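The values are calculated or read from the model by the stated rules, or taken from the named source; none is laboratory data. Everything quoted here is computed from the prediction, not taken from an experiment. Cβ sites come from the backbone with ideal geometry, for glycine too, and all protein chains shown count toward neighbours.
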Amino acid sequence: GDSVTQTEGPVTVSESESLIINCTYSATSIAYPNLFWYVRYPGEGLQLLLKVITAGQKGSSRGFEATYNKETTSFHLQKASVQESDSAVYYCALGASNTNKVVFGTGTRLQVLP
Amino acid sequence: GGIITQTPKFLIGQEGQKLTLKCQQNFNHDTMYWYRQDSGKGLRLIYYSITENDLQKGDLSEGYDASREKKSSFSLTVTSAQKNEMAVFLCASSMGQGSSQNTLYFGAGTRLSVL
């Protein structure tokens, strides 16, 4: 079926360090997948961080970047220098443009130490 | 902007009970979703609906019914609550087409506990 696998948390990094959270997907029934990163900050609801709907393109938001790689079926989330305010749970998601079905990964809890 | 309202915020049920969760959105979005979140298991899709009166099963539909009688509302019924069950149910909506297709907006969730 269609699924998303991401880095198992928690991930702990120190402020100003670089970060990568891995995400790979399987889109067996989705012809043209759309890829997303959602984030839940402490005490807040789940919200979109960034999205890419075309293979080979890069999305970015709040200093985070992710590139849609169709060859490796990956959509890794990266940031060059994290801040304490980036502490949150990050979810990779896969959307189907032909059916509107959206599936999520298990989430990765990130803790940034001051 | 719009908002997604889930009711109730907390739901306590008894084993075997039928329980209904409600979701309203004022984005005028076509597509609505129900997800279940358990600790360590991420979000699992239960049902989604691409338009009024449409229902599509997700990976976790067994044990649930859903209803989309109006464009703005989407309800979920737990047909028989399981003892010691604890989970958060999240409702979401999105535009059905265009560049924002599949961009989900989420409600705050309904937390279910079964005694």
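Can you tell me how many residues in the stretch B:25-69 are in a loop (DSSP other than H, G, I, E, B) and not aliphatic (A, V, I, L, M)?
Total satisfying the criteria: 19.
Can you tell me which of A:Gly1, A:Gly59, A:Gly45 is at pLDDT below 95 and touching a strand residue (DSSP E or B) at 6+ places or on another chain (Cβ under 6 Å)?
Residue meeting the stated conditions: A:Gly45.
Tell me yes or no: at least one residue of the stretch B:13-31 is of a type in the set (Asp, Glu) and within 14 Å of another protein chain (Cβ to nearest Cβ).
yes
Restricting attention to the stretch B:83-102, which residues are among the polar types (S, T, N, Q) and either within 14 Å of another protein chain (Cβ to nearest Cβ) or in contact with an Asp or Glu (Cβ under 7 Å, 6 or more places away or on another chain) (or both)?
B:Ser93, B:Ser94, B:Gln97, B:Ser99, B:Ser100, B:Gln101, B:Asn102
Scan the stretch B:74-81 and give yes if some residue there is within 24 Å of A:Glu44 (Cβ to Cβ), more than 12 Å from chain A (Cβ to nearest Cβ), part of a loop (DSSP other than H, G, I, E, B) and modelled with pLDDT of 95 or more, otherwise no.
The answer is no; no qualifying residue exists.
Which condition breaks for B:Gly40 when tested against (1) touching a strand residue (DSSP E or B) at 6+ places or on another chain (Cβ under 9 Å); (2) farther than 20 Å from A:Gln47 by Cβ?
Single failed check for B:Gly40: (1).
Being crowded, with 16+ Cβ neighbours inside 10 Å and either more than 25 Å from B:Ser93 (Cα to Cα) or modelled with pLDDT of 95 or more (or both) narrows it down to one residue among A:Thr73, A:Thr12; which is it?
A:Thr73
Just checking, does the stretch A:97-109 include any residue being touching a Pro at 6+ places or on another chain (Cβ under 8 Å), within 14 Å of chain B (Cβ to nearest Cβ), modelled with pLDDT under 95 and surrounded by 20 or more Cβ atoms within 10 Å (Cβ to Cβ)?
no
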